[in-house]
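**Student:** If you scroll down you'll find the structure; I have some questions about it.
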């Protein structure tokens with residue numbers, strides 16, 4: 001028997017006045033489980049626990065949680081990586097409204113993603129086969145297109161906590177730069193014009209919480225810096 | 001695009017650039033003043049007022065003061081928009097900061113060129 005103490009954020013708006021932390025003991029049989037496995041073992045004890053998960057291999061981005069104070073994907077985070085003194089605390093992603101237990105309402109996050117128009121926009125006629133890119137042009141998209149929209153970065157960002165309706169957030173800005181950097185996109189100046197206010201990009205204070213938590217190892221802070229450079233060269 | 005009317009430059013890019021340029025000016029001014037004080041351990045009133053009689057020093061000081069005003073406007077505007085969600089209070093605080101900075105700038109011009 002090797003027991004792990006887990007404290008889980010619980011909230012059911014239909015029955016609870018306010019959120020509370022519930023303690024569970026989970027038998028890991030001495031194995032270093034992924035946090036998602038631990039949550040599934042807890043659900044066997046209490047089937048009313050609500051959480052999101054799908055692919056369980058770090059691809060779908062649906063199981064982002066705050067584990068011992070740090071955001072990450074539970075399916076690719078080993079208990080040994082996050083546990084302190086045999087204790088694991090699980091909370092929903094910070095800053096977004098809680099629907100129930102560990103499930104948050106991602107509407108604000110998706111709204112900011114929608115705002116940056118995450119699709120190619122072209123003006124010329126459609127080519128017969130495909131829009132070609134040189135290998136060098138394609139290389140510029142590396143480190144940008146891999147984002148799975150798990151929201152770990154944006155919900156670890158204080159600027160997004162305070163202004164989720166105005167600041168695009170690291171995830172949205174990484175994608176904004178993904179389309180600004182794409183040689184096939186013709187809407188660069190329109191995209192930049194939509195970002196040149198004091199909130200959308202410039203509320204980023206460069207504290208790099210986003211880089212610290214990204215489960216895919218991406219760097220939104222660098223992308224934000226590149227957007228600033230493009231705005232600067234466009235406006236000076 | 002998010003619309004704003006109480007930030008310094010009406011654009012995030014201009015605020016960002018002014019914030020950085022004013023920071024460089026303030027750093028240079030701080031280094032100069034601290035260096036001057038270290039090089040003059042027996043500083044008396046005549047030497048100190050002599051320093052500020054020079055036009056170049058007055059221009060440099062006024063530049064630093066305007067930089068403080070711009071830097072503080074942008075910085076405090078950002079803090080207020082982060083933490084104060086009630087519009088009336090936010091607007092009142094922004095007005096207070098801008099008025100205070102205006103008074104300080106005019107007052108310091110009087111100090112620099114007055115005596």
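The values are calculated or read from the model by the stated rules, or taken from the named source; none is laboratory data. Note that the structure is predicted; figures quoted are calculated from it, not measured. As a convention, Cβ positions derive from the backbone with ideal geometry for all residues, glycine included, and neighbour counts pool all protein chains shown.
**Student:** Being outside any helix (DSSP H, G or I) and closer than 30 Å to residue A:90 by Cα is the filter here; which residues of the stretch A:104-147 pass it?
**Tutor:** If we filter the stretch A:104-147 for residues that are outside any helix (DSSP H, G or I), which is where we start, we get A:104-106, A:116-134, A:140-147.
Answer for the stretch A:104-147, where residues must be outside any helix (DSSP H, G or I) and closer than 30 Å to residue A:90 by Cα: A:104, A:105, A:106, A:143, A:144, A:145, A:146, A:147.
**Student:** What tally of residues in the stretch A:186-221 results from selecting those that are within 18 Å of residue A:146 (Cβ to Cβ) and either modelled with pLDDT under 95 or exposed (fewer than 15 other Cβ atoms within 10 Å of the Cβ) (or both)?
**Tutor:** Of the residues in the stretch A:186-221, 2 are within 18 Å of residue A:146 (Cβ to Cβ) and either modelled with pLDDT under 95 or exposed (fewer than 15 other Cβ atoms within 10 Å of the Cβ) (or both).
**Student:** Search the stretch B:9-18 for residues being surrounded by fewer than 19 Cβ atoms within 10 Å (Cβ to Cβ) and in contact with a helix residue (DSSP H, G or I) (Cβ under 6 Å, 6 or more places away or on another chain), and hand back the single one that is nearest to the other protein chains (Cβ to nearest Cβ).
**Tutor:** Our first condition is that a residue be surrounded by fewer than 19 Cβ atoms within 10 Å (Cβ to Cβ); within the stretch B:9-18, this holds for B:9-11, B:14, B:17-18.
Now narrow it down to the ones that are in contact with a helix residue (DSSP H, G or I) (Cβ under 6 Å, 6 or more places away or on another chain): B:9, B:18.
Working: B:9: 8, B:18: 11 Å.
If we take residues in the stretch B:9-18 being surrounded by fewer than 19 Cβ atoms within 10 Å (Cβ to Cβ) and in contact with a helix residue (DSSP H, G or I) (Cβ under 6 Å, 6 or more places away or on another chain), then B:9 is nearest to the other protein chains (Cβ to nearest Cβ).
**Student:** Okay, moving on. I need a count of the residues in the stretch A:148-197 that are over 24 Å from residue B:86 (Cα atoms), within 13 Å of chain B (Cβ to nearest Cβ) and part of a loop (DSSP other than H, G, I, E, B).
**Tutor:** 3
**Student:** I would also like to ask the following. Please verify whether residue A:69 is in contact (Cβ under 8 Å) with a residue 24 or more places away in the chain and out of contact with any helix residue (DSSP H, G or I) (no Cβ under 7 Å at 6 or more places or on another chain), treating the condition exactly as stated.
**Tutor:** Working: in contact (Cβ under 8 Å) with a residue 24 or more places away in the chain: no; out of contact with any helix residue (DSSP H, G or I) (no Cβ under 7 Å at 6 or more places or on another chain): yes.
Against the criterion (in contact (Cβ under 8 Å) with a residue 24 or more places away in the chain and out of contact with any helix residue (DSSP H, G or I) (no Cβ under 7 Å at 6 or more places or on another chain)), residue A:69 does not qualify.
**Student:** Does residue B:62 satisfy the condition of being in contact (Cβ under 8 Å) with a residue 12 or more places away in the chain, within 14 Å of another protein chain (Cβ to nearest Cβ), in contact with a helix residue (DSSP H, G or I) (Cβ under 7 Å, 6 or more places away or on another chain) and under 24 Å from residue B:101 (Cα atoms)? Step through it out loud before you land on a result.
**Tutor:** Values: in contact (Cβ under 8 Å) with a residue 12 or more places away in the chain: yes; within 14 Å of another protein chain (Cβ to nearest Cβ): no; in contact with a helix residue (DSSP H, G or I) (Cβ under 7 Å, 6 or more places away or on another chain): yes; under 24 Å from residue B:101 (Cα atoms): yes.
No: the conditions fail for residue B:62.
**Student:** Right, something else. Being within 14 Å of another protein chain (Cβ to nearest Cβ) and crowded, with 19+ Cβ neighbours inside 10 Å is the filter; apply it to the stretch B:71-93 and report the residue that is farthest from residue B:14 (Cα to Cα).
**Tutor:** Top of the filtered list is B:81.
**Student:** Now, a different point. So residue B:100 passes all but one of these: (1) closer than 30 Å to residue A:192 by Cβ; (2) free of Cβ contacts under 8 Å to residues at least 24 places away in the same chain; (3) within 13 Å of the chain's Cα centre (by Cα). Which condition number does it fail?
**Tutor:** (1)
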